[in-house]
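Here's the structure we're looking at; comments come further down.
The values are calculated or read from the model by the stated rules, or taken from the named source; none is laboratory data. Since the model is a prediction, treat every value here as computed from it, not as a measurement. As a convention, Cβ positions derive from the backbone with ideal geometry for all residues, glycine included, and neighbour counts pool all protein chains shown.
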Amino acid sequence: MTAVTFGDLLFTGIGQLGAAAGLPQDSGGPAAAAGQLRRITSALVRHLDAVGPWHDALALGRADLIWWQRAGADMSQALLRAGRALGAAGQALGGGADGPGEPPPGWPLAAAATTLAAARDLLSTHLDAGPAGSVSGRTEWAAVITSAPVIRAVTDLVASWCQQLAPLADDLAGQVAGAPGAARELAAAGQWLRQAAAFARPAQAADPVTAADRTLLFAIPLAGASRRDRPRPGESTAALCQGITASAGRLQAVTRGAAQRAAWSPEATAGAWRWTATAGAVASHLSSAMLAGLAGLAGPLGLPGEDLYAAADALAAAQASWQQLAAAWGLITTETRFLVSRPMTEASDLLVRLGRLACDNPAWTPQAADQAPLRDPAGLAPDSGTAAAVLAAVHHAACALERVAAADLDAVQAARRARRLYVPVRVIGKILQVRTDLRTIPRAYVVAQPGQTEELLAAYQAAAAASSAAAQALDAAAAAAGAPSRGMALARATLRREESLDPGPPGVPGPAPPNPWAGGPGPVEHKLIRLRVTDEVLLRRAALVDAAAEKLLADALSAAADPWAGGPGPVEGKLIQLGVTDQLLLRRAALVDAAGESLLAEALDTAGGPGPVERKLTQLGVADELLLRRAALVDAAGESLLAMALCAVLDAAAGGPAVPGPAARPAGRRPGPPAAAPRPGPGPSV
Amino acid sequence: MSRLQEADAAAARLAAATALPDLLDAAWQALDLVRTTAGECADPRSGLYAALLFAAAAAAEAQHAAGLAPSMPAGDAAIPARAGTGAGAGAAAGQLAGLAAAVARRLASAAAQAELPGDRDALTAAAAGAGQACQLLAEGRP
């Protein structure tokens with residue numbers, strides 16, 4: 001069985017929303033329907049939050065995402081307001097203050113809310129929540145989820161759902177015309193939903209979502225550890241392909257953190273590394289042979305023959321590198337005797353199924369007694385669907401081997417640094433002895449010297465490079481053939497692009513990221529503290545917004561020709577005119593000027609206009625459109641956060657629902673609606 | 001001396017060893033021959049590619065296990081310079097399977113009589129590794 005993907009849940013949710021459209025009366029009455037709509041808006045906010053780079057100050061305001069990050073921040077605010085209006089409507093209609101509760105089965109709206117919440121939860125299975133709201137990736141997909149294509153696709157989808165939900169809120173408002181308070185709230189909710197959809201329009205026009213963006217989003221799988229399914233003799237081609245895919249996924253998962261464990265884990269042994277290198281050679285050989293066979297049938301099966309031949313050649317090169325690596329282990333060993341490790345178990349299952357897929361023996365094992373010739377390609381892939389499935393299985397296996405090679409390279413380097421690699425004294429030409437308690441004890445093994453491990457590490461680097469080349473050749477072949485693994489190919493291409501945006505390669509220290517905790521709280525965090533917000537997640541997000549603003553200002557300062565073009569303030573200027581040179585007086589004057597500036601800024605905040613970061617840039621004379629947009633985005637993120645915090649504070653004070661909704665206009669600039677969008681009316685809950 | 005002749009010589013040396021240090025040394029040398037020859041004979045065009053590569057890995061583990069026996073002689077191992085294998089994968093696999101089987105038998109038998117626990121553990125582990133190499137290389141089912 002293949003893993004559930006985001007696309008699976010999404011299409012189910014879309015169908016349920018479609019069924020609910022025009023039938024809000026079938027949702028258990030207006031109060032319950034309002035409750036379900038509120039659940040949906042909450043799920044949509046969480047979608048935007050999942051892909052938002054709120055946990056990464058460096059990603060906030062990234063130049064290639066200006067439009068969509070801004071749209072997401074504004075839509076999030078509009079959805080929160082819609083949610084609050086829906087909550088108020090539900091209460092006015094006699095619904096519970098704590099939301100709709102567990103909906104009875106069969107309501108399309110409730111089912112859609114549940115499905116959309118599940119879709120969002122699927123995204124979060126790739127992320128690990130750390131202390132104080134920090135987020136780290138659990139899988140390779142984590143970086144894909146916050147990548148530009150997925151942010152575009154998710155934000156665009158949320159906009160389309162908002163457009164779809166707005167008429168439902170209007171219908172409900174019409175149904176409860178007898179309850180004016182509730183009708184007003186529902187109408188406001190409809191307007192906020194339309195407004196949310198409208199916020200996406202500038203981004204949709206400036207940076208359109210592509211089909212590849214959506215394909216990538218739909219392909220995001222559930223990150224769940226599937227249970228091991230041992231190979232059984234006589235499995236069908238489809239079962240073998242699914243088994244290979246599952247083993248490849250588990251293999252990639254268990255190799256994470258290998259380098260950290262290599263210094264101490266008894267499972268990290270030379271025997272296990274040598275065995276894995278051997279498995280890599282055999283798996284690459286079997287894969288290469290199958291692809292070469294498929295390439296011979298490319299015409300009749302409608303497969304990309306050249307891509308398949310290229311992938312087969314790349315796999316043959318990888319096979320040679322792995323074999324060379326296994327030999328390079330020679331007599332090098334670790335102090336711990338060979339133990340079967342989890343990566344070995346997964347690699348073993350993968351290898352056995354690859355052998356049974358490639359060879360004419362349904363009970364193939366690496367033993368000489370079980371060897372068999374390669375299967376006739378026409379028997380292996382009698383139709384294009386089976387050929388694509390085989391290609392996808394080989395693709396998954398190659399990607400897993402790429403990961404294993406890189407992980408083992410890191411792990412062996414770590415083991416060497418930890419002085420865990422040994423060579424037998426018998427072969428190094430001398431016997432080293434140590435004296436202990438007047439006895440002389442000959443050593444059987446000594447720590448391998450750098451010269452003795454150079455060849456091994458070079459072989460690992462070669463295997464890692466060859467495996468990576470093979471996996472990339474398979475990315476191209478899978479994409480060209482439309483194989484089931486083409487989503488993974490897209491994800492890998494996205495990951496490579498995202499990695500190329502990193503300030504430095506992994507392991508090489510790049511420019512230090514801004515430390516959000518340095519120098520006390522910034523302006524956004526300060527405002528949250530003044531609001532008596534104690535939520536660690538909100539405070540951390542505020543600190544990150546502050547850090548992003550600080551980084552932006554630093555960028556602007558370095559870009560500005562003369563950051564001090566403004567010169568001294570009026571008080572300091574007057575002192576200079578008077579010929580005052582006393583540094584203490586001048587400094588006090590500068591402080592008075594700064595206080596006046598701050599006061600003006602607060603006054604401007606209240607009056608509307610640009611946000612604090614954008615205003616600061618304007619003051620610096622920055623005219624760069626990109627920098628100004630980034631500033632506006634950081635301001636919007638701060639504003640969104642403040643709105644959320646304010647709602648949480650007010651809800652807590654009122655004992656209201658746990659899901660925050662805006663209750664008052666936050667300090668700072670109101671997000672300007674696009675010209676084409678209808679201006680929302682004064683929502684009662686705003 | 002060809003690899004196959006070397007295998008015959010290694011088997012003869014193994015058979016002639018009576019004292020435990022001599023047996024360990026002979027087994028270590030025989031396993032070294034299995035490891036290197038299996039690795040070099042592994043040709044992806046041959047059906048025995050997987051068997052030979054995994055047998056080389058198993059022999060390496062057996063060799064390390066034997067090397068940890070307290071009774072292993074402390075002197076340098078006399079590993080001869082080896083020419084190319086000069087044999088097909090099938091012939092090499094058969095010869096190496098026989099040699100690995102002989103190592104496994106002798107080491108298992110010695111383990112039963114070893115006095116030092118360290119020797120017993122090392123001999124048992126080395127015998128298991130040699131047996132695994134033999135199982136991988138044997139064409140027929142045992």
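Take residue A:205 and tell me if it is assigned to a helix (DSSP H, G or I), within 30 Å of the chain's Cα centre (by Cα) and over 30 Å from residue A:421 (Cα atoms). Before you say what the answer is, go through the steps one by one.
On the way: assigned to a helix (DSSP H, G or I): yes; within 30 Å of the chain's Cα centre (by Cα): yes; over 30 Å from residue A:421 (Cα atoms): yes.
In short, yes.
On the basis of being within 29 Å of the chain's Cα centre (by Cα) and touching a residue at least 40 places away in the same chain (Cβ under 8 Å), does residue A:217 make the cut?
Details: within 29 Å of the chain's Cα centre (by Cα): yes; touching a residue at least 40 places away in the same chain (Cβ under 8 Å): yes.
Yes; evaluated as a whole, the condition is true for this residue.
When segment B:33-64 is filtered for residues that are surrounded by fewer than 24 Cβ atoms within 10 Å (Cβ to Cβ) and within 19 Å of residue A:270 (Cβ to Cβ), the ones remaining, listed by number, are B:36, B:39. Beta carbons closer than 6 Å, at least 6 apart along the sequence or on distinct chains, pair a first residue in segment A:449-468 that is closer than 9 Å to residue A:321 by Cβ with a second that is of a type in the set (S, T, N, Q) for A:459/A:324; A:462/A:321; A:463/A:321; A:466/A:321.
For the structure I just gave you, tell me whether residue A:269 is closer than 30 Å to residue A:128 by Cβ, surrounded by fewer than 20 Cβ atoms within 10 Å (Cβ to Cβ), at pLDDT below 95 and within 11 Å of another protein chain (Cβ to nearest Cβ).
Numbers: closer than 30 Å to residue A:128 by Cβ: yes; surrounded by fewer than 20 Cβ atoms within 10 Å (Cβ to Cβ): no; at pLDDT below 95: yes; within 11 Å of another protein chain (Cβ to nearest Cβ): yes.
Answer is no for this residue.
Of the residues making up segment A:340-369, those that are crowded, with 20+ Cβ neighbours inside 10 Å and without any contact (Cβ under 8 Å) to a residue 60 or more places away in the chain are A:364, A:365, A:368.
Of the conditions (1) within 11 Å of chain B (Cβ to nearest Cβ); (2) surrounded by fewer than 24 Cβ atoms within 10 Å (Cβ to Cβ), residue A:323 fails just one. Which one is it? Against the list (1) within 11 Å of chain B (Cβ to nearest Cβ); (2) surrounded by fewer than 24 Cβ atoms within 10 Å (Cβ to Cβ), residue A:323 comes up short only on (2).
Any chance you could count how many residues in segment A:415-453 are modelled with pLDDT under 60, assigned to a strand (DSSP E or B) and within 14 Å of another protein chain (Cβ to nearest Cβ)? Please lay out each step first, then the result.
Residues of segment A:415-453 that are modelled with pLDDT under 60, as a first pass: A:429-442.
Next, from what is left, pick out any that are assigned to a strand (DSSP E or B): A:433-436, A:439-442.
Checking which are within 14 Å of another protein chain (Cβ to nearest Cβ) leaves us with A:433-434, A:439-442.
Result for segment A:415-453: 6.
Scan A:372, A:358 and give me the residue that is within 14 Å of chain B (Cβ to nearest Cβ), touching a strand residue (DSSP E or B) at 6+ places or on another chain (Cβ under 9 Å) and modelled with pLDDT of 95 or more. Exactly one of A:372, A:358 is within 14 Å of chain B (Cβ to nearest Cβ), touching a strand residue (DSSP E or B) at 6+ places or on another chain (Cβ under 9 Å) and modelled with pLDDT of 95 or more, namely A:358.
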